[in-house]
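Right, one structure below, let's go through it.
No lab work stands behind these numbers, since they all come straight from the coordinates. Everything numeric in this text was worked out from a predicted model, so none of it was measured. Backbone-built Cβ (ideal geometry, glycine too); neighbour counts: all protein chains shown.
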Amino acid sequence: MIKSMTGFGKFVLQLPARKITIEVKSLNSKNLDLNARIPSQYREKELEMRNTIAKTLVRGKVDFGLYVEATGEETSNKVNEGIVKEYMRQLSNVHNGDATELMKMAIRMPDALKTEREEIDAKEFNAIKEALTKALLEIEDYRSNEGKALEKDFNLRIKNISELLDKVKLIDPERMIAVREKLQKAVSDLKEDVDQNRFEQELIYYLEKFDITEEKVRLSNHLEYFATTLNSNDSNGKKLGFITQEIGREINTIGSKSNYAPMQQLVVQMKDELEKIKEQLLNVL
């Protein structure tokens, strides 16, 4: 079963003194491109969280955000009393304001507040890891549901190409007759006597060049292989992409050899269906 690379997962963790929100969003990308936005106090755990995300999502342009909102009385910012008092003393020498006004100015000066680095509590981080796992489960469900819609569309496109191929097979005999008549007419228009044996040999040579038997067989096999890969247990967008390249190669060859307007019209329709598959494949994991 295929999965989409598009998805979103979110989980809110409520702790005694803070609320932690985890958001994971992914879009399509050839490889894993992970961008993390987390508070500085959790930086030492960033690599561990990145590895968890990478193992689960595998591919895609991923935005991971960890947001912390204080809900209790705890704060990591403290007033640097000694520096604030020194600022007030210096400001009183150049400004005749009262203590409240001097305080307002001093508190805005550099280093008036100091941030105390908090050690990460092991119990708290375990809760964060569980929250991250739940957010990743949500985004995986999202990707799976998107994958089901893509799979339905792919099966329809492959079915359409297969039906067009059946029409190509149906008109191929009359195409060969038309090609033969076209070559015979070209020779007769020359109004020259030709060696019939030599002409038949040349005619067979050109008809073999226009023969598409092998291309029809290979295209049919590629379509079947695409459907089989699509319904396998693993989601492999790159492999499906390689198969579509082979499908496109056979369709192009049939088009270049056809030399017959009705068949070329069918080839154009097959190309249109294949392009729709290629566009959607960019979003498959």
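Structural remarks
- Length released on extending from R249 to E101, taking residue separation times 0.36 nm less the Cα-Cα span: 45.4 nm
- In range of the label at V68: residues from the stretch 19-47 whose backbone nitrogen is under 15 Å from the point 7 Å along Cα→Cβ: 19-22, 37-47
- Full extension of the chain between L32 and K182 yields a length gain of 48.5 nm, computed as 0.36 nm times the residue separation minus the alpha carbon distance.
- Listed by chain and number, the lysines whose C-alpha is less than 29 Å from the C-alpha of K169, apart from same-chain residues fewer than 8 away, are K152, K159, K182, K185, K209, K216, K239, K257, K271, K276, K278.
- Residues whose placed amide H lies under 5 Å from that of G60, excluding near-sequence neighbours: S29, N31, L32, D33
- For K45, the lysines whose Cα falls under 30 Å of its own Cα, not counting residues fewer than eight places away in the same chain, are K3, K10, K19, K25, K30, K55, K61, K78, K114, K123, K129, K134.
- Helix-only mean residue ellipticity at 222 nm for the chain, each DSSP H run of n ≥ 4 adding -39500 (n - 2.57), per residue, nearest 500: -21500 deg cm²/dmol
- Put in order of Cβ neighbour count within 10 Å, fewest first, the listed residues L281, L15 become L15, L281.
- Shape call, the stretch 145-281: gyration tensor on alpha carbons, a/c limit 1.5: prolate
- Whole-Hz Karplus values for the stretch 48-54 come out as 4, 5, 4, 5, 4, 5, 4 Hz, taken residue by residue from phi with 6.51 cos²θ - 1.76 cosθ + 1.60 and θ = phi - 60°; glycine and proline positions read x.
- Rounded if a/c under 1.5, otherwise prolate or oblate - the chain, Cα gyration tensor axes: prolate
- With the simple spin-label model, which puts each label point 7 Å out from Cα in the Cβ direction, the K271 to D211 separation comes to 2.6 nm.
- DSSP bridge orientation in the chain - percent antiparallel, rounded to nearest 5: 80 percent
- Site pair K19 and A112 shows an inter-label distance of 2.9 nm when each label is modelled 7 Å from Cα along Cα→Cβ.
- The A54 and F125 beta-carbon pair, evaluated with R₀ = 22 Å, returns a calculated FRET efficiency of approximately 0.75.
- Each of S232, S29 was scored by other Cβ atoms within 10 Å of its Cβ. Listed from fewest to most, they are S232, S29.
- Given 16 as the ceiling on other Cβ atoms within 10 Å, longest exposed-site-free region of the chain for GluC sites (Glu not before Pro) in DSSP loops: 193-285
- Rounded, prolate or oblate (a/c below 1.5 giving rounded, otherwise prolate when a/b exceeds b/c) for the stretch 1-156 by Cα gyration tensor: prolate
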